[in-house]
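Below: one structure, written as structure tokens.
The values are calculated or read from the model by the stated rules, or taken from the named source; none is laboratory data. These numbers were taken from a predicted model, which means no experiment stands behind them. Every residue, glycine among them, receives a Cβ derived from its backbone with ideal geometry; neighbour counts consider all protein chains shown.
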Amino acid sequence: MDFIATYNLTGLFVGLATFLIIGVFHPLVIWGEYYFGVKCWWVFLLMGMIGITGSFLVKNIVVSSLCGVFAFSSLWGIGELFHQRKRVEKGWFPKRENKRKEASESK
């Protein structure tokens, strides 16, 4: 962190980390909806609450900011789960068949 502060790279670092965090949440939402449907929304809520708590408790401004980005990306994911379900219904993304049906077909 000293290197980042010394060379005034804090904004660039936070921007890059924000981009990466948001980039990770896109496939997480797709994966979560595919395997669990929208009933996994509470996991995103829990991650958001952990991120908000971390943002309050961490003294370092960069780490606190990244906790906030993580928190609100998690909370954004809740809404995106429901939007993803609509995208699947429209046929834009594949729909996962029932596990039991897949197991019986493989026999």
> Right, PHE3: at pLDDT below 95, out of contact with any strand residue (DSSP E or B) (no Cβ under 6 Å at 6 or more places or on another chain) and surrounded by fewer than 16 Cβ atoms within 10 Å (Cβ to Cβ) or not?
Replying inline: yes
> Applying the selection to the range 1-29, what residues are touching a helix residue (DSSP H, G or I) at 6+ places or on another chain (Cβ under 6 Å) and either not aromatic (Phe, Trp, Tyr) or not in a helix (DSSP H, G or I) (or both)?
Replying inline: ILE4, THR10, VAL14, ALA17, THR18, ILE21, ILE22, VAL29
> Which one of these is among the hydroxyl-bearing types (Ser, Thr, Tyr), at pLDDT 90 or above and under 11 Å from the mean Cα position of the chain (by Cα): SER64, SER74?
Replying inline: SER74
>> Checking the conditions here, which among GLY51, GLY37 is surrounded by 14 or more Cβ atoms within 10 Å (Cβ to Cβ) and under 30 Å from GLU89 (Cα atoms)?
In response: GLY37
> Counting only residues that are of a type outside the set (Ser, Thr, Tyr) and farther than 27 Å from LYS86 by Cα, how many does the range 13-59 have?
Replying inline: 13
